[in-house]
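Worksheet: one structure, shown below.
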Amino acid sequence: MSTAANRPKAKFVRIWRGRTRREVADAYQAYWLAQGTRPLVERGAIGVRMLRDDRGDTSAFMTISYWPSLEAMTGGRGGDPLAAHHLARDAEFLMELPERVEILTIVDSTDE
């Protein structure tokens, strides 16, 4: 069992944003929670949060994943950590497929 004492400390956040039509937002949320969280953690994310904002006929989603290093984001395979990775059914749900994500350095945190 991993504890906070032996878990790697998050040094970076990776932020992905996407939008759906409001009428498919619940289905997309369920799909993402079932298919999106586990692969990120298996690839080395320390934690993952999904946020949602319903406004009018659209729903905006933001996924924030926490990483110990930039290398961990690419699974040690190299490549561009800023490139967005999409789930198999994202094109069915999302209004556009973002090509890039944001990566920010964590400079302070009160939850560790």
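Rule-based calculations on the coordinates, nothing more; no lab input. All values reported here derive from a predicted model rather than from experimental measurement. Glycine gets a Cβ as well: all are built from the backbone with ideal geometry, and neighbour counts include every protein chain shown.
Within the shell defined by Cβ-Cβ distances under 9 Å, the residues around P81 carry a net charge of -1, with Lys and Arg each +1 and Asp and Glu each -1.
For the chain, modelled as a GNM whose springs connect Cα atoms under 10 angstrom apart, the maximal fluctuation among P98, P68, P39 occurs at P39. Helix 25-35 and the longest principal axis of the Cα set of the chain meet at an angle near 30°.
State the label only: which of (i) 15.9, 50; (ii) 14.7, 44; (iii) 12.8, 35 corresponds to Rg and Dmax of the Cα atoms in Å computed from the shown model? Read-out from the structure maps to (ii).
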